[in-house]
Amino acid sequence: MLKVWGRSTSSNVQKVVWLCDEIGLPFERIDAGGKFGRVNEPEYRAMNPNGRVPTIVDGDFVLWESNTICRYLAAKHGATSVYPAPLQARADTERWMDWASTTLGPALHQAFWGLIRTPAAQQDPAAIRASAEGAAAALSIVDARLADRPFLCGDALTLGDIAVGVHAYRWLHLPFDRVDYVRPAVPNLRRWHDQLAARPPYRKWVMIEIV
Ligand SMILES: N[C@@H](CCC(=O)N[C@@H](CS)C(=O)NCC(=O)O)C(=O)O
């Protein structure tokens with residue numbers, strides 16, 4: 001059976017396990033990273049020299065990089081609904097995956113780490129607010145995109161929604177009131193989030209306490 005190494009609180013792991021459940025792919029998840037450690041042990045480093053999660057083991061094939069893992073699994077299992085075959089539709093989906101990793105995720109990083117992983121006494125409210133605002137600017141692009149379509153790439157959920165969704169959930173639910181940050185209105189994004197919340201895999205893997 002497919003093995004997915006990585007703690008379930010990692011946004012990058014969440015993408016992989018959310019996808020697996022969306023396409024009905026059985027897997028075994030093994031906790032690693034964060035408080036579980038393991039990622040610096042030689043056995044793990046032999047699989048993933050970055051010491052990061054996720055890593056998958058599919059038979060004798062080992063793969064790291066969450067977006068690549070998602071593309072590999074979707075392609076291997078013919079999941080053309082989430083990973084369309086036509087070149088332009090595929091590129092559209094991949095664009096949102098890349099953007100989530102290079103723009104949205106980094107924009108939100110400081111707010112997430114500052115609020116959730118930093119002791120209260122060491123938190124920097126101004127830096128957290130700046131990060132929340134940066135993420136809001138990025139998510140305004142998503143909100144506009146969703147004005148005339150149910151999902152980022154049209155009528156069906158794709159890998160693009162999964163990649164953006166794990167970060168959007170955090171932005172929508174981080175306790176920004178603690179730093180007096182008020183989110184701008186994002187009605188299309190909220191409607192999209194409600195659609196995602198109707199899906200059991202999203203509820204199971206993403207709609208969890210942010211820790
Ligand atoms: N580009 C990598 C990033 C992987 C990454 O940075 N993962 C984080 C968790 S989201 C990690 O491993 N952090 C260290 C840890 O959990 O111990 C990917 O997309 O897979």
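Which number do you get for Rg(Cα) / (2.2 N^0.38 Å) in the range 94-155? Write down the numbers at each step before the final one.
Working: Rg = 14.0 Å, N = 62, 2.2 N^0.38 = 10.6 Å.
So the range 94-155 has a normalised radius of gyration of 1.33.
Put a dot 7 Å past each Cα toward the Cβ at Ile208 and Phe61; how far apart are the dots in nm?
Reported label-point gap for Phe61 and Ile208 is 2.6 nm.
DSSP loop trypsin sites (Lys or Arg not before Pro) in the range 1-93 with at most 14 other Cβ atoms within 10 Å of their Cβ, which ones? The partial results should precede the final answer.
Numbers: sites: Lys3, Arg7, Lys15, Arg29, Lys35, Arg38, Arg45, Arg52, Arg71, Lys76, Arg90; in loops: Arg7, Arg38, Arg52.
Passing sites in the range 1-93 do not exist.
If neighbour count is taken as other Cβ atoms inside 10 Å, put Thr68, Thr80 in order from fewest to most. Spell out each step's value before the answer.
Working: Thr68 12, Thr80 15.
Sorted ascending by nearby Cβ count, the order is Thr68, Thr80.
So who's got an amide H within less than 5 Å of the one on Arg29, skipping anything under 5 residues away but keeping other chains? H placed 1.01 Å off N, in plane.
So Arg29 has HN proximity to Val4.
Please report how far the C-alpha centroid of the range 152-211 lies from that of the range 100-130, rounded to the nearest whole angstrom.
That distance is 17 Å.
Taking the Cα of Ala120, stepping 7 Å toward and past its beta carbon, and measuring to each backbone N in the range 152-192: which are under 15 Å?
Those under the cut-off are 175-180.
Could you grab the relative contact order for the range 87-203? Cα pairs under 8 Å, six or more apart, rounded to a whole percent. Could you put the intermediate results ahead of the total?
Values: 108 pairs, mean separation 37.1, N = 117.
Over the range 87-203, the number comes to 32 percent.
Can you tell me the relative contact order of the chain? Whole percent, Cα pairs under 8 Å, sequence separation 6 or more.
Details: 272 pairs, mean separation 46.0, N = 211.
For the chain, the relative contact order is 22 percent.
Each residue of the range 49-56 in turn: what ³J(HN,Hα) in whole Hz from Karplus with 6.51, -1.76, 1.60 and θ = phi - 60°, glycine and Pro shown as x?
Karplus values, whole Hz, x for Gly and Pro: x, 6, x, 10, 10, x, 9, 10.
Straight-line reach only, C-alpha to C-alpha below 29 angstrom: list the lysines that Lys35 could link to, leaving out same-chain residues fewer than 8 apart.
Candidates past the 8-residue exclusion: Lys3, Lys15, Lys204.
So what's the back-of-envelope 222 nm ellipticity for the chain, counting only DSSP H runs of four-plus at -39500 (n - 2.57) apiece and dividing by all residues, rounded to 500?
-15000 deg cm²/dmol
Pick out, in residue order, every one of the trypsin sites (Lys or Arg not before Pro) in the range 93-183 that is DSSP loop and has at most 12 other C-beta atoms within 10 Å; say none if there are none. Each step should come with its number before you reach the end.
Details: sites: Arg95, Arg117, Arg129, Arg145, Arg170, Arg178; in loops: none.
Passing sites in the range 93-183 do not exist.
Tell me, Met47, Met1, Met207, Met97 in order of fewest to most beta-carbon neighbours within 10 Å?
On the way: Met47 17, Met1 10, Met207 14, Met97 23.
Listed from fewest to most nearby Cβ atoms, that is Met1, Met207, Met47, Met97.
Starting from 0.36 nm per residue, how many nanometres of slack lie between Glu41 and Ala91 once their C-alpha separation is accounted for?
On the way: separation 50, 0.36 × 50 = 18.00 nm, distance 3.66 nm.
Working it through step by step, the gained length comes to 14.3 nm.
Which of Asp21, Asp124, Asp155 comes first, and how do the rest follow, when ranked by fewest Cβ neighbours within 10 Å? Could the numbers behind the result be given before it?
Details: Asp21 17, Asp124 13, Asp155 8.
Arranged by neighbour count, lowest to highest, Asp21, Asp124, Asp155 become Asp155, Asp124, Asp21.
Hey, any idea what the orientation-averaged projected area of the convex hull of the chain's Cα atoms comes to, in nm²? Present the calculation step by step, with values, prior to reporting the outcome.
Numbers: hull surface 46.9 nm².
Taking the Cα atoms of the chain, their convex hull projects to 11.7 nm² on average.
Computed from the coordinates by the stated procedures, all read-outs in this text should not be read as laboratory data. Note that the structure is a prediction, hence the values are computed from the model and not measured. Cβ atoms come from the backbone with ideal geometry, glycine included; neighbour counts cover every protein chain shown.
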